[in-house]
Ligand code: SF4
């Protein structure tokens, strides 16, 4: 296992801890560890890939979302999980994110939302608050932040949740539920960056458990839009056909892989149909 190089006190530790608990819980319910496949983007969050003993692919900025969708299409028995930063997910990878939600790709998206590019020393990101000062916005950001929950509700995500790295038990429960959900599951995790955007006091003071009915889209939109308090928990949950089933039915390319003899037979058939190749 790689040496951990996150800053002491970083919210990423809570996310790592919660994810390990979620995996342990699912294992105790009979899910084999070999069925988990993960990917991560670039940034402080991406190091989580090195701190988990799970199979997967270390991706590039925002492409972890595409990587896990490919894994799922190749082997539909997998539970695929993408870890992204807020810059990663709502900046470089936002098109992948929107289309994964739109098509209800059967995957879990966990966003380490710290409102800053920490690895590159504190530039503003799509979720940075207006007025945020950093190396690229020395006079303060003049943009309003993206609202991740509303964005995902509008895009068609079938499981939308907000967690907080300071509430590990609840976050672990959300992660396990997201992984078990059939379809696109999204968790925006409030993650203080103690070095460039320390929001522990704010989140400790402003978060509270969500109390609305998560099956009610109108109530979910209202909960997502709240700014006076930050509701934690499942914001919205519904059922819709998942992408790989719509595309391939019960077919699983990994399980239904053809043997060499069968492949040669198919090639020979194609050759017979189309005639010999041109010299
Ligand atoms: Fe965590 Fe911020 Fe340090 Fe990165 S820079 S490890 S996000 S505290």
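Residues 73, 98: which one is out of contact with any strand residue (DSSP E or B) (no Cβ under 7 Å at 6 or more places or on another chain) and closer than 23 Å to residue 148 by Cα?
The unique qualifying residue is 98.
So residue 47 fits all but one of (1) part of a helix (DSSP H, G or I); (2) closer than 22 Å to residue 199 by Cβ; (3) touching a helix residue (DSSP H, G or I) at 6+ places or on another chain (Cβ under 7 Å); what number is the exception?
(3)
Return yes when residue 157 is in contact with a helix residue (DSSP H, G or I) (Cβ under 9 Å, 6 or more places away or on another chain) and closer than 24 Å to residue 72 by Cβ and no when it is not.
So residue 157 fits the description; yes.
Of these, 118, 87, 166, which one is within 16 Å of the ligand (Cβ to nearest atom) and either free of Cβ contacts under 8 Å to residues at least 12 places away in the same chain or surrounded by fewer than 24 Cβ atoms within 10 Å (Cβ to Cβ) (or both)?
Only one candidate qualifies: 166.
Among the residues of region 98-115 satisfying the criterion of being within 16 Å of the ligand (Cβ to nearest atom) and part of a loop (DSSP other than H, G, I, E, B), which is surrounded by the fewest Cβ atoms within 10 Å (Cβ to Cβ)?
Per the stated criteria, the residue is 115.
Give the residues of region 56-84 that are under 20 Å from residue 251 (Cα atoms) and free of Cβ contacts under 8 Å to residues at least 24 places away in the same chain, sorted by residue number.
70
Taking the condition of being assigned to a loop (DSSP other than H, G, I, E, B) and either under 23 Å from residue 182 (Cα atoms) or within 22 Å of the chain's Cα centre (by Cα) (or both), how many residues in region 223-271 meet it?
13
Taking only region 173-204 into account, find how many residues are crowded, with 21+ Cβ neighbours inside 10 Å, part of a loop (DSSP other than H, G, I, E, B) and more than 16 Å from the ligand (Cβ to nearest atom).
Summing the residues that are crowded, with 21+ Cβ neighbours inside 10 Å, part of a loop (DSSP other than H, G, I, E, B) and more than 16 Å from the ligand (Cβ to nearest atom) in region 173-204 gives 2.
Tell me which residues, restricted to region 28-43, are under 14 Å from residue 179 (Cα atoms), assigned to a loop (DSSP other than H, G, I, E, B) and touching a residue at least 12 places away in the same chain (Cβ under 8 Å).
31
Can we say residue 70 is outside any strand (DSSP E or B), within 16 Å of the ligand (Cβ to nearest atom), under 17 Å from the mean Cα position of the chain (by Cα) and on the phi < 0 side of the Ramachandran plot?
Spelling it out, it is not the case that residue 70 is outside any strand (DSSP E or B), within 16 Å of the ligand (Cβ to nearest atom), under 17 Å from the mean Cα position of the chain (by Cα) and on the phi < 0 side of the Ramachandran plot.
Only the coordinates and a few stated rules stand behind these numbers; no lab work does. This one's a predicted model, so the numbers in the text were calculated from it and none came from an experiment. Reconstructed Cβ throughout: ideal geometry from the backbone, glycine too, with neighbour counts over all protein chains shown.
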